[in-house]
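J.: Let me give you the structure first, and then I'll get to my questions.
The values are calculated or read from the model by the stated rules, or taken from the named source; none is laboratory data. Just so it is clear, the structure is predicted and the values come from calculations on it, not from any experiment. Neighbour counts run over all protein chains shown; Cβ positions are idealised from the backbone, glycine included. Just so you know, the surface numbers come from the protein's heavy atoms only, side chains and all, with ligands and any DNA or RNA stripped out. Shrake-Rupley method; radii C 1.70, N 1.55, O 1.52, S 1.80 Å.
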Amino acid sequence: MALKQISSNKCFGGLQKVFEHDSVELKCKMKFAIYLPPKTETGKCPALYWLSGLTCTEQNFISKSGYHQAASEHGLVVIAPDTSPRGCNIKGEEETWDFGTGAGFYVDASEDPWKTNYRMYSYVTEELPQLINTNFPVDPKRMSIFGHSMGGHGALICALKNPGKYKSVSAFAPICNPVLCPWGKKAFSGYLGTDQSKWEAYDATHLVKSYPDTQLDILIDQGKDDQFLSDGQLLPDNFIAACTEKKIPVVFRLQEGYDHSYYFIATFITDHIRHHAKYLNA
């Protein structure tokens, strides 16, 4: 599969690159960002996948989070895909910011007209890792995932639906229980239809209840002054309760004074890189 390099910039001794490719799953051109730390010059490195939130592209994380220094020091290849298919000309995909373009919700849609292109779950768990493993110096057996908001939801469900695939998972202000929040209800009814039992297959709080073992160390940071927390969009308490019941270790840190923005992410990003490096470099 041909990769077209869009940009390349040296950063902390490594290279921050952006590529474009024709996606088989999404049936459109997709961009992803990839950081190659200096260690990739001498061997294969672990891969850490970042999933962004609503309205984002591959650009937000690489330009705002300040992750490069920690990724360089720990020798991690960091991959940040886009958040939805692009330019599919589906009626309604550009109408609202929380559904359609920039809002793929990391599900495989089962409803028309979305089901042909909106297959972000298969894209981030199957197609993209295969593409990365084939074209870059990464160790396919060492892979982890993290994300923010809608992408925090994505990271949690990818890890919970695939026991053993990811060495670790973490999230910033994730949408923890989408079947019960306005964003989730809107997205899931559009992509997955009205049968709510289908929704639970993409809900971290439900998935954790049937997770087969406890070998997953979860780190979550949540800003206490996050407007979406008080609006009932994120519902971390439901997820924490489900993890506690299943005895799955989760470190949940409520951060005083922080909101939902990339200023919050930038503050704690090094802790998250360190969390993943502990498992990826073990």
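J.: If Thr55 satisfies all but one of (1) on the phi > 0 side of the Ramachandran plot; (2) in contact with a Cys (Cβ under 9 Å, 6 or more places away or on another chain), what's the number of the condition it fails?
T.: All conditions pass for Thr55, except number (2).
J.: Search the stretch 129-145 for residues that are touching a residue at least 24 places away in the same chain (Cβ under 8 Å) and within 15 Å of Gly75 (Cβ to Cβ) and pair each with any residue that is crowded, with 19+ Cβ neighbours inside 10 Å and of a type in the set (D, E, K, R) when their beta-carbon atoms are under 6 Å apart and the residues are at least 6 apart or on different chains.
T.: Every condition considered, the pairs that remain are Ser144/Lys167.
J.: A follow-up question, please. Mind listing just one residue for me: the one in the stretch 97-108 that is touching a residue at least 24 places away in the same chain (Cβ under 8 Å), in a loop (DSSP other than H, G, I, E, B) and out of contact with any strand residue (DSSP E or B) (no Cβ under 9 Å at 6 or more places or on another chain) and, of those, surrounded by the most Cβ atoms within 10 Å (Cβ to Cβ)?
T.: My answer is Gly102.
J.: Sort out which residues of the stretch 68-81 are of a type outside the set (Gly, Ala, Ser) and touching a Phe, Trp or Tyr at 6+ places or on another chain (Cβ under 7 Å), and write them in order of number.
T.: If the condition is that a residue be of a type outside the set (Gly, Ala, Ser) and touching a Phe, Trp or Tyr at 6+ places or on another chain (Cβ under 7 Å), then His68, Gln69, Val77, Val78, Ile79, Pro81 are the ones that fit.
J.: Turning to a different aspect of this structure: Here are the criteria: (1) part of a strand (DSSP E or B); (2) under 20 Å from Ala109 (Cα atoms); (3) aromatic (Phe, Trp, Tyr). Tell me which single one Trp199 does not satisfy.
T.: (1)
J.: While we're looking at this one, here's another question. Give Glu111, Glu94 a once-over and let me know the one that is part of a loop (DSSP other than H, G, I, E, B), open to solvent by 10 Å² or more (accessible area, probe 1.4 Å) and under 21 Å from Tyr202 (Cβ atoms).
T.: Only one candidate passes the filter, namely Glu111.
Residue-by-condition table, conditions (1) surrounded by 15 or more Cβ atoms within 10 Å (Cβ to Cβ); (2) in a loop (DSSP other than H, G, I, E, B):
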residue	(1), (2)
Leu216	yes, yes
Asp221	yes, no
Gln233	yes, yes
Asp237	no, no
Ile240	yes, no
Cys243	yes, no
Arg253	no, no
Gly257	no, yes
Tyr263	no, no
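J.: Further question: Considering only the stretch 57-90, how many residues are touching a Pro at 6+ places or on another chain (Cβ under 7 Å) and surrounded by fewer than 24 Cβ atoms within 10 Å (Cβ to Cβ)? Before you say what the answer is, go through the steps one by one.
T.: Taking the stretch 57-90 first, the residues touching a Pro at 6+ places or on another chain (Cβ under 7 Å) are 58, 71-72, 75-77, 90.
Imposing the further condition that a residue be surrounded by fewer than 24 Cβ atoms within 10 Å (Cβ to Cβ) reduces the set to 58, 72, 75, 90.
Number of matching residues: 4.
J.: Here's a follow-up. Can you tell me which of Asp203, Asp226, Asp237, Asp231 is farther than 21 Å from His272 by Cα and over 17 Å from the mean Cα position of the chain (by Cα)?
T.: Criteria check complete, one pass: Asp231.
J.: Also: Taking the criterion of being open to solvent by less than 10 Å² (accessible area, probe 1.4 Å) and not aliphatic (A, V, I, L, M), would at least one residue in the stretch 130-139 satisfy it?
T.: No: the stretch 130-139 contains no residue that is open to solvent by less than 10 Å² (accessible area, probe 1.4 Å) and not aliphatic (A, V, I, L, M).
J.: A follow-up question, please. List pairs: first residue in the stretch 223-242 and modelled with pLDDT of 95 or more, second residue in a loop (DSSP other than H, G, I, E, B) and of a type in the set (Phe, Trp, Tyr) anywhere in the structure, Cβ distance under 6 angstrom, at least six positions apart or on different chains.
T.: Close Cβ pairs (under 6 Å, with a partner that is in a loop (DSSP other than H, G, I, E, B) and of a type in the set (Phe, Trp, Tyr)) amount to Gly223/Tyr258.
J.: Go through (1) free of Cβ contacts under 8 Å to residues at least 24 places away in the same chain; (2) outside any strand (DSSP E or B) and name the single condition Arg86 misses.
T.: Tallying (1) free of Cβ contacts under 8 Å to residues at least 24 places away in the same chain; (2) outside any strand (DSSP E or B), Arg86 fails exactly one: (1).
J.: Between residues in the stretch 7-31 that are surrounded by 14 or more Cβ atoms within 10 Å (Cβ to Cβ) and residues that are of a type in the set (A, V, I, L, M, F, W, C) and not in a strand (DSSP E or B), which pairs lie under 7 Å by C-beta distance while being six or more apart or on different chains?
T.: These pairs meet every condition: Gln16/Ile62; Phe19/Leu3; His21/Met1; His21/Ala2; His21/Leu3; His21/Leu131; Cys28/Cys88.
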